Amino acid sequence: MKRHWNEIQPVDEYIVCLNGMLHETDRRILTFLYQPLLGTNCFSLYMTLWAEVEENRLRSQTANHYYLMNFLDQNLQEIYESRLKLEALGLLKTFVRKTGDLREFVYELQPPLTPEQFFNDGMLNVFLYRKIGRSHFLRVKEFFSDDITCTDDHLEITKDFQEVFSAGLPPLDRDVMEDSLLSEGKLFMAKPDRKGVSLKVDQFDFSLLESSLQGVVVAKSALTPLVKETIVKLAHLYGIEPLEMKNLLLTAVDEKDEIDIEVLRKSARDWYQLERNEQLPELIYLSQPEALRTVQSEPSTKEEELIYYLETVSPRQLLIDISGSLPSSADMQVIEGVLFQYKLPAGVVNVLIQYVMLKTDMKLTKSYIEKIASHWARKKVKTVKDAMELAKNEHRQYAEWAKNKQQPKQRVTRTEKLPYWFNEEEKATSLPPDDEEKLKAMREALVEEIKNQTAEKEGDKS
């Protein structure tokens, strides 16, 4: 996650506008369906921005972010992260205009999905089910549904317009049509079409999927925009690769040679539960939770810079930054397993990734990483700093675990690699100067690359 001080400052002003009208029903939907996924900080931000818009108006007055910080009793990093979560779940669009050193933001609140859209979303409903459990899920679904009123044995006696009203004799005012039009820059208050979570289609390798479908019963024309959107959601939700997705698509072809989306969803869910022992995926924010971070302001040392990076980057992005390419599906399965099974915070998992990759020649050995993860989970390691300290204090034990897993036929003398942040005074196990310098150079290059990427992104925006 980006440094908030590069993206937003307390003095930056903002206004809130609504994409159509929000109603009391939307408040209940946000409370019971979205709040369990967002958390209270995020929910409070949405409700506060909504309250700033005057009744029967579509935009608020201008304020700065100091107001939000004081009103919500949250620091700017917390507000920034809440904003990103709202954007990710399709509840907020953010626009910015730069004027010199200052920025003006427009926060456009988006209405939530209707209950029917939410429970048929295929992704949000799965996350909610996993979050609150089956009994509460069914209770909430019951809250947003009701019995159908049966009129089969009734006779409809509704009158139409002409039976009740007459146009009358006076001529129609010629100005009425013109006066009914809005002037430029105005917008009628209305309920807009609701849209769910937005995922980029190019994040899935459709070229590989389409090439694998050649010669089988699925025509390329069957991959409609709606089907592609569903495929991207399912791939993101369940971690399905293109070749596996091909097999699932084959089970969902109907008699018209079209893809039955409901069958495809069920096939994907069944496949995932078979792979994960009946478990369903849950919504995990892939960066260190704010409450578990130790660097709250701009880093002043290289050590703080690294800690901040490990606290704010996702494990997937860390693997990309280290290797310079997308991680393999096998590596991602290992990392997802650690996040799901051992419930380690993302920042702690980042320390684990860095440590294990340096110890095992840039490889993520599943048994080794899971053994350390299990140990850290029992120790209740929650912060990046604690993970670093524990790795320093127990690296001899971890080295024994690695040795037992390898069980070499011959004793091979090798240089032990460790992250640069290990204590230099541990002379017995410290690295030779040349290897130490290589590791420091690799780490500094990683931090420099992160800085360059941030600078490039800021340059693209300006």
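The values are calculated or read from the model by the stated rules, or taken from the named source; none is laboratory data. As the structure is a computational prediction, the values presented were derived from the model and not from experiment. Backbone-built Cβ (ideal geometry, glycine too); neighbour counts: all protein chains shown.
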Worksheet item: Which helices (runs of 4 or more DSSP H) sit wholly inside the stretch 119-209 and have at least 3 residues that are modelled with pLDDT under 85?
Response: 161-164, 176-180
Worksheet entry | Members of the stretch 11-46 found to be on the phi > 0 side of the Ramachandran plot and either touching a strand residue (DSSP E or B) at 6+ places or on another chain (Cβ under 6 Å) or free of Cβ contacts under 8 Å to residues at least 12 places away in the same chain (or both), listed by number | none
Worksheet item: Can you name the residue in the stretch 47-97 that is in contact with a strand residue (DSSP E or B) (Cβ under 8 Å, 6 or more places away or on another chain) and more than 18 Å from L18 (Cβ to Cβ) and is also surrounded by the fewest Cβ atoms within 10 Å (Cβ to Cβ) among such residues?
Response: R97
Item to complete: Search the stretch 342-385 for residues being assigned to a helix (DSSP H, G or I) and without any contact (Cβ under 8 Å) to a residue 24 or more places away in the chain, and hand back the single one that is surrounded by the most Cβ atoms within 10 Å (Cβ to Cβ).
Response: V356
Fill in: Residue within the stretch 315-326 that is surrounded by fewer than 19 Cβ atoms within 10 Å (Cβ to Cβ) and at pLDDT below 75 present
yes
Worksheet item: What single numbered condition from (1) touching a helix residue (DSSP H, G or I) at 6+ places or on another chain (Cβ under 8 Å); (2) more than 30 Å from L264 (Cα to Cα); (3) part of a helix (DSSP H, G or I) fails to hold for L86?
Response: (2)
Response to the item:
Scanning the stretch 98-129 residue by residue, the ones that are charged (D, E, K, R), surrounded by fewer than 16 Cβ atoms within 10 Å (Cβ to Cβ) and within 23 Å of the chain's Cα centre (by Cα) total 1
Worksheet item: Got at least one residue in the stretch 288-306 being surrounded by 14 or more Cβ atoms within 10 Å (Cβ to Cβ), assigned to a loop (DSSP other than H, G, I, E, B), charged (D, E, K, R) and at pLDDT below 80?
Response: no
Item to complete: Taking the residues in the stretch 316-347 that are over 12 Å from I369 (Cβ atoms) and among the β-branched types (V, I, T) as candidates, determine which candidate is nearest to the chain's Cα centre (by Cα).
Response: I320
Worksheet item: Does the stretch 112-124 contain at least one residue that is touching a His at 6+ places or on another chain (Cβ under 8 Å) and outside the structural domain of Y46 (by TED's automatic domain parsing)?
Response: yes
Worksheet, complete the sentence: Per the filter on the stretch 215-246, residues without any contact (Cβ under 8 Å) to a residue 12 or more places away in the chain and not in a loop (DSSP other than H, G, I, E, B) are K220, S221, P225
Practice prompt. Identify the residue in the stretch 244-287 that is at pLDDT below 85 and of a type in the set (S, T, N, Q) and, among all such residues, is surrounded by the most Cβ atoms within 10 Å (Cβ to Cβ).
Written response: S287
Worksheet item: From the residues in the stretch 49-81 that are among the β-branched types (V, I, T) and in a loop (DSSP other than H, G, I, E, B), which one is farthest from G39 (Cα to Cα)?
Response: T62
